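To keep things clear, I will list the structure first and then write my remarks on it.
The values are calculated or read from the model by the stated rules, or taken from the named source; none is laboratory data. Owing to the predicted nature of the structure, the values given are computational and were not obtained by experimental measurement. Cβ coordinates were reconstructed from backbone atoms using ideal geometry, including for glycine residues, and neighbour counts include every protein chain displayed. We work out accessible area using only protein heavy atoms, side chains counted, and drop any ligands, DNA or RNA first. Shrake-Rupley method; radii C 1.70, N 1.55, O 1.52, S 1.80 Å.
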Amino acid sequence: MAAAGLYRRKLPSPPAIEFASPEGKRLFTEAYQSGTMEGFFKLISHFQTQSEPAYCGLATLAMVLNALAIDPGRKWKGPWRWYDESMLDCCEPLEKIKAEGITFGTVACLAQCAGAEVKAFRTNQSTIDDFRAHVIKCTSSEDCHLIVSYHRKPFNQTGTGHFSPIGGYHAESDMALILDVARFKYPPHWVPLALLWEAMDTIDKTTGRPRGFMLISIHQKVPSLLYTLSCRDERWVTMAKYLMDEVPILLKSEDLKSVPLVLSILLESLPACAGYFINWVLEVRRQEENGSSLSKEEKERLAAKEEILQQVHETGLFKCVTDLSSSSNSNHILEEKHLLSEIAANVCCQEAALLSGELTSSTGICSRTCIKCFKVNDDKSTTVVSGTVVSGGNQHEVDMLVPVSKATSGCCCNSTLNNCTVMHPASTYVLTVLLLALPPNTWLDIKDKSLLSEIQGLVSTENLPDALQQEANFDMGGIISVRLFGRILQFIQMIAVTISK
């Protein structure tokens, strides 16, 4: 009786050349000697087969992230942190990807959420010569990998859209090595670069837009993020539409004569979901035995975050937002809804569950939470929120490190917790950052030229202090770098891609 299903397919050759064939080996040897196989070894060390027919984008991205040694910051299995397809779910539910496949914009979004630096180009945003230059650059380095989104038809292969990484380049024959993650179907193979460009220069029927390629690399510096975005909730689409579609209309009003009026109309018109997709990034750790020591790295991260917050505080825009918030009689969309104690109780429960390997914190009970303020050097104090959590029958002691504190040294727990004088990232900081992160052309619809000039002066990144300006440094050539403002700006600029799905 014949076995059910299919066992691989014969690779159509030409146009492709199988990697393990004599000709494929010759191309590899010559490309290696020419220095355009440098990224191959890291990629091949993490080569994997997609676990589902529609998981080509996830398998490709997991392979590249592991090749770049990007720490996912959460457990995969047992004690190990490692990128797996199942962990790439921050932009789209896995069940939806499994059923419908994945788009170019979603893969770029996932790479960004994973902490990589991403530059994405559809074929209508680049040229074959630029593509070739990027292939040569990435295959000549271990620090950059190139993912292609293409249609299989130009290669006479079965199937439709597909994602895979490029493992090498042979200059003399102008051929690129595709490390096909559908290894159950086709082996790795060399293809003419011109034909690969043709395969990318096809329309994805799901989005109606061309396919393309993206460059994935690790950030040159570790970002000290204070806020991040949540893409798990569909309400972020509503917020993006507001920023892109409604804000320009609001700014065209003839009644706008002052900065407070501009800010007021923007903030009071925010969608009800505005507070849900901007999150305060917290650092949680297992509690030390002595309960108060901080490592050198922890001190440095807290100091960097404190410096950024202080520089946000010193901007003219922050003063305008603060004045508006204090004078407004309306309930602000992003007003403080939780005391630090409530935030601490919730976070400590969640993180204790994660530290113990639980997927959720539903079984966790916070039995005690307190705020401790102690000196980390001669003149500054740091706030540590400590919690005792019972999860799954086990007790866990966890600390939440707060970047900014104006409290005096000491400890205040339980009933006296809310009396502690602690300053932590508040809604005025979130709003200031959001306004600074908006693309510069957001404000161009303001008709009063004098007012426009004043607004542009307030939101210009060129006028920011050095450290804050460095955090706001982003790459306008592609997907935005992961920085304090970059996350938000990247979200706004990528939204056109994601919404089109």
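Quick notes on this one:
- Selected residue (criterion: least open to solvent (accessible area, probe 1.4 Å)) from residues of region 193-206 that are out of contact with any helix residue (DSSP H, G or I) (no Cβ under 7 Å at 6 or more places or on another chain) and in a loop (DSSP other than H, G, I, E, B): Thr202
- Checking each residue in region 136-151 for being under 24 Å from Leu110 (Cα atoms) and open to solvent by 10 Å² or more (accessible area, probe 1.4 Å) picks out Lys137, Ser141, Glu142, Asp143, Cys144, His151.
- Test for Gly168: is it more than 21 Å from Ala16 (Cα to Cα) and touching a residue at least 12 places away in the same chain (Cβ under 8 Å): no
- Exclusive hit being part of a helix (DSSP H, G or I) and either touching a residue at least 60 places away in the same chain (Cβ under 8 Å) or open to solvent by 30 Å² or more (accessible area, probe 1.4 Å) (or both), set Glu23, Glu38: Glu23
- Which numbered condition Met87 misses (of (1) buried (at least 19 other Cβ atoms within 10 Å of the Cβ); (2) of a type outside the set (Val, Ile, Thr); (3) within 18 Å of Ile178 (Cα to Cα)): (3)
- Complete set of residues in region 291-345 that are modelled with pLDDT of 70 or more and either touching a Phe, Trp or Tyr at 6+ places or on another chain (Cβ under 7 Å) or aromatic (Phe, Trp, Tyr) (or both): Leu309, Val312, Phe318
- Boolean, Glu18 is buried (at least 17 other Cβ atoms within 10 Å of the Cβ), among the charged types (D, E, K, R) and over 16 Å from Cys144 (Cα atoms): yes
- Qualifying residue in region 163-172 (condition: part of a loop (DSSP other than H, G, I, E, B), farther than 21 Å from Thr206 by Cα, of a type in the set (Gly, Ala, Ser) and touching a strand residue (DSSP E or B) at 6+ places or on another chain (Cβ under 9 Å)): no
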